[in-house]
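Bear in mind these aren't lab numbers, they're just calculated from the coordinates by the rules spelled out. What you are looking at is a predicted structure, and each value in this text was computed from that prediction instead of being measured. Cβ: placed from backbone, ideal geometry, glycine included. Neighbour counts: every protein chain shown.
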């Protein structure tokens with residue numbers, strides 16, 4: 001089963017883990033990634049605004065999850081991505097993957113995050129304590145991580 005949610009409200013990672021685990025005795029491993037807003041020591045962050053394109057964003061996340069499920073024998077995939085104004089330390093994203101085998105759970109979870117970081121239609125704007133602000137550009141390192149999945153695992 002694949003579950004996708006784009007939402008303003010926070011999530012409970014423990015509850016999401018329990019949902020992935022519930023009623024599935026064939027699970028051998030669950031891989032989870034949670035991401036949060038990082039503060040910058042040299043230019044303290046007041047908040048980060050995450051915007052998205054409704055409908056297109058969910059479709060993009062679904063396609064990424066579908067690709068992961070085609071590449072690895074997953075049981076369940078859960079993706080939650082938050083939008084709105086988020087302060088340093090707040091959660092942004094949850095990716096959870098269950099599988100009969102740990103290697104498939106790890107690989108699928110990592111694949112989803114790498115593709116999400118470079119392909120999902122989210123826009124991030126930082127607002128700093130000193131009043132400066134700006135849109136966050138994609139990082140070369142994120143693009144390189146995503147490119148390694150092309151043509152195989």
With runs of 4+ DSSP H residues as the only contributors, calculate the mean residue ellipticity of the chain at 222 nm using -39,500 (n - 2.57) per run, divided by the residue total and rounded to the nearest 500.
-10500 deg cm²/dmol
Looking only at the chain, where both bridge partners belong to it, what percent of the DSSP beta bridges are antiparallel (to the nearest 5)?
80
Taking the beta-carbon count within 10 Å as an exposure proxy, list 45, 20 from fewest neighbours to most.
45, 20
With an 8 Å Cα cut-off and a minimum separation of 6 or more residues, compute the relative contact order for the chain in percent.
32
Please report the relative contact order for region 47-101, taking Cα pairs under 8 Å with a sequence separation of at least 6, and give it as a percent rounded to a whole number.
43
Cα-projected label distance for residue 87 with residue 128, points at 7 Å along beta-carbon direction, nm:
2.1
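With the convex hull built on the Cα atoms of region 57-108, state its orientation-averaged projected area in nm².
Projected over every direction and averaged, the Cα hull of region 57-108 covers 4.1 nm².
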Compute a Gaussian network model of the chain, connecting alpha carbons closer than 10 Å, and tell me which residue from 141, 41, 104 fluctuates the most.
41
Between residue 40 and residue 139, how many nm apart are label points set 7 Å from Cα along the C-beta direction?
1.2
Residues 12, 114 in order from fewest to most other beta-carbon atoms within 10 Å are 12, 114
Order of 50, 40 from fewest to most other C-beta atoms within 10 Å?
40, 50
Would you give the gap between the C-alpha center of region 7-44 and the C-alpha center of region 93-152, rounded to a whole Å?
14
Starting from the Cα gyration tensor of region 1-82, multiply each eigenvalue by 5, take the square root, and state the resulting semi-axes largest first in whole Å.
27, 17, 12
